[in-house]
Amino acid sequence: MKRREFLKTSLAASTLAGLSCSTEKCALLSSTHKGGKTQEYYEFRAYRCKAGAGAELLETHLEKAAIPALNRLGIPSVGVFKEIEPKGPLTVFVLIAYPSLDSFAQTGARLNADTEYQQAASAYWQTPKTNPAYDRIDSWIMRAFAGQPRLVLPSYSLAKQPRIFELRTYESYSEAKALKKVEMFNAGEIQTMHDVGLAPIFYGQALAGPNLPHLTYMVSGADQAAHKEHWGAFGKHPTWNKLKDDPQYADTVSKITNWFLAPTAYSQI
């Protein structure tokens, strides 16, 4: 799969901006879902390693230091993934869900003040230039859709059973069409994916960075065969066919990029 370019940021700080829109369209971006659940914010990170290099130090840091510290900060489920069939140097993907932008902005300072984390992460922070833990970090910052305002974990994730994930990014040629695609998901596409067993994990609208406007979501399955079967059921579903043939949703997606991912043994998703 092609790798996308990510928004460069850090856990410590980020400057975020939403799409400009009319009052009516901004209703799609309201901070609270109509059912009363506050929409989360997601950081999806890509730790890119040098060609031929492994990620032992990085993964030890994630498993033994970063994830336990994030859990202590009230972030219960951190996902860590690798491509099933990588086409280039190793990349480790990390999904972190924050209850608010303030939570995201404060996480770096809170980790710096966490003595337990600093001790567990000492080898990672003191790695020499000659043997870095990774090449670069890229990331997206996203806002959850109103139609699925929080992470949803299927039973096989909760039970740490075999599972695969598909990350999909949809680019649009204009802000108006990007907002219409979000609206289309909220109008029935999300529920249809749940109904046919695609087991969506999250839906997020990118807030800033390159290649705007775009959205990203993650679906899952027990294995590749089951996942393919669920996509087949989705393509035949009357709700999906009604939505895709609705003129108001025409030309909402200009480019689709996807990755097939497997969770690491210590992933909480």
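Looking across region 155-182, the residues that are touching a residue at least 60 places away in the same chain (Cβ under 8 Å), under 29 Å from Asp246 (Cβ atoms) and not in a strand (DSSP E or B) come down to Ser172, Tyr173, Glu175, Ala176, Lys177, Ala178, Leu179, Lys180, Lys181, Val182. Summed over region 183-235, the residues that are out of contact with any Lys or Arg (no Cβ under 9 Å at 6 or more places or on another chain), assigned to a strand (DSSP E or B) and either farther than 18 Å from Val253 by Cβ or of a type in the set (S, T, N, Q) (or both) give a count of 0.
Going by what's in this entry, would Arg143 be described as closer than 18 Å to Leu261 by Cβ and in contact with an Asp or Glu (Cβ under 9 Å, 6 or more places away or on another chain)?
Working: closer than 18 Å to Leu261 by Cβ: no; in contact with an Asp or Glu (Cβ under 9 Å, 6 or more places away or on another chain): yes.
No; evaluated as a whole, the condition is false for this residue.
Quick one: is Ala208 small (Gly, Ala, Ser), buried (at least 20 other Cβ atoms within 10 Å of the Cβ), over 17 Å from Val80 (Cα atoms) and in contact (Cβ under 8 Å) with a residue 40 or more places away in the chain? Considered against the rule, which asks whether it is small (Gly, Ala, Ser), buried (at least 20 other Cβ atoms within 10 Å of the Cβ), over 17 Å from Val80 (Cα atoms) and in contact (Cβ under 8 Å) with a residue 40 or more places away in the chain, Ala208 comes out as no.
So that you can scan it fast, the table gives a plain yes or no per residue for (1) surrounded by 21 or more Cβ atoms within 10 Å (Cβ to Cβ); (2) of a type in the set (Lys, Arg); (3) in contact with a His (Cβ under 8 Å, 6 or more places away or on another chain); (4) closer than 19 Å to Ile75 by Cα:
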{"site": "Ala159", "(1), (2), (3), (4)": "no, no, no, yes"}
{"site": "Pro162", "(1), (2), (3), (4)": "no, no, no, no"}
{"site": "Phe165", "(1), (2), (3), (4)": "yes, no, no, no"}
{"site": "Ala187", "(1), (2), (3), (4)": "no, no, no, no"}
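For region 168-182, the criterion of a residue being over 16 Å from the mean Cα position of the chain (by Cα) and of a type in the set (S, T, N, Q) is satisfied by at least one position.
In region 236-245, which residues are exposed (fewer than 12 other Cβ atoms within 10 Å of the Cβ) and either part of a loop (DSSP other than H, G, I, E, B) or in contact (Cβ under 8 Å) with a residue 12 or more places away in the chain (or both)?
Pass one, region 236-245, residues exposed (fewer than 12 other Cβ atoms within 10 Å of the Cβ): 236, 238, 245.
Across region 236-245, the qualifying residue is only Asp245.
With the requirement that a residue be free of Cβ contacts under 8 Å to residues at least 60 places away in the same chain and not polar (S, T, N, Q), what does region 118-131 give you? Hits for region 118-131 are Ala120, Trp125, Pro128, Lys129.
Values quoted throughout were computed directly from the atomic coordinates according to the rules given, and no laboratory measurement underlies them. Small disclaimer: the values here were computed from a predicted structure and weren't measured. Please note: Cβ atoms are built from the backbone with ideal geometry, for glycine as well, and neighbour counts cover all protein chains shown.
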